[in-house]
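Visitor: One structure follows; several queries about it will come next.
Only the coordinates and a few stated rules stand behind these numbers; no lab work does. Quick caveat: nothing in here was measured; it's all calculated off a predicted structure.
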């Protein structure tokens, strides 16, 4: 398969399925845009296995196969995603080993892991989302000074965790319907909340206790954004705009959930296309205002 065709397929996947990330990815120059699309396309494949309808044993088998393929991605010339990813990793310092952490997190989903406290949940978030932050950093800043790399990696990890915590709050109702509960048991117990749905399919507000829990978790996630967004000054102008757009969409969604927790009780909250475009425009302005 031609590398150009492989990248085109990854960009098609990203454009059709990355409803939030695509707004930021399109702000990157061509080489970085294609590379991040390849990263997203493989992450999407792994997520789809974990979230699919196959029996758990089959999911685990497919995840193990993806893990094995990543040991030598260049050995799969007919797989467009791996062809593109191999080319991107040859051009940019993308830490492909981080995909192993993503697979670890998906295996947690498949085996039905529960989370007793915040530390356990953050471990999961670091696998499924912090890994993507670190993979993205390899695309954003290929020439980052060695002394700045550990801090940048930490901040990218924190930003990924913040995004995943936002996803968890957004999807409480949907995840519960699928037999998954991500909110830590310690937090549920603290607020006296037992997640359950009412006959009309909405979440039981439990006398306002669920709303208070949502605000509590949102404040925690906000702290992760405050830390993670310190990454922006370390990035070049276009990468800063991309990162700010992707994080900004999720941060605005988090603010919306905190302001009105009933949104996540009724369904899946989201920003409109116009609102996402506004965030992307704001991020582009931010990128121009910075250095690099």
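Visitor: How are the C-alpha pair distances of region 97-224 spread across 5 Å bins, as whole percents from the shortest bin up?
Guide: 2, 10, 18, 21, 17, 13, 8, 6, 3, 1, 0, 0
Visitor: A follow-up question, please. Express in whole angstrom the spacing between the alpha-carbon centres of region 33-64 and region 137-155.
Guide: Here the two parts' Cα centres lie 26 Å apart.
Visitor: If you don't mind, another one. Provide Rg over Rh for region 91-168; use the alpha carbon set for both Rg and the Kirkwood Rh (inverse mean inverse pair distance).
Guide: A ratio of 1.02.
Visitor: Run through every distinct alpha carbon pair of the chain and return the Kirkwood hydrodynamic radius in angstroms, one decimal place.
Guide: Radius from the Kirkwood sum: 19.6 Å.
Visitor: Above 16 angstrom, tally the Cα pairs of region 46-140 and express them as a % of all pairs, no decimals.
Guide: Numbers: 2629 of 4465 pairs.
It works out to 59 percent of all Cα pairs.
Visitor: Beyond 13 Å, what share of the Cα-Cα pairs of region 161-226 remains, rounded to the nearest whole percent?
Guide: Of all Cα-Cα pairs in region 161-226, 64 percent lie more than 13 Å apart.
Visitor: Further question on the same structure: Find the relative contact order for the chain and round it to a whole percent, using C-alpha pairs within less than 8 Å whose residues are 6+ positions apart.
Guide: 20 percent
Visitor: Separate question: Could you work out how far the C-alpha centroid of region 156-208 sits from that of region 8-24, in angstrom?
Guide: Measuring centre to centre over Cα atoms gives 27 Å.
Visitor: On a 0 to 90° scale, report how tilted helix 209-228 is relative to the longest principal axis of the chain, with both axes built from alpha carbons and the result rounded to the nearest 10.
Guide: The helix 209-228 is inclined about 20 degrees to the chain.
Visitor: Per residue, how much space in cubic angstrom lies within the convex hull of the C-alpha atoms of region 134-192?
Guide: Output value, Cα hull per residue: 105 Å³.
Visitor: Next question. Mind jotting down a quarter of the surface of the convex hull over the alpha carbons of region 152-292, in square nanometres, one decimal?
Guide: 9.0 nm²
Visitor: Rounded to a whole number, what is D in µm²/s for region 64-103 from Stokes-Einstein with the Kirkwood radius over alpha-carbon pairs (20 °C, 1.002 mPa s)? Mind dumping the intermediate values first?
Guide: Numbers: Rh = 10.3 Å.
The Stokes-Einstein estimate is 208 µm²/s.
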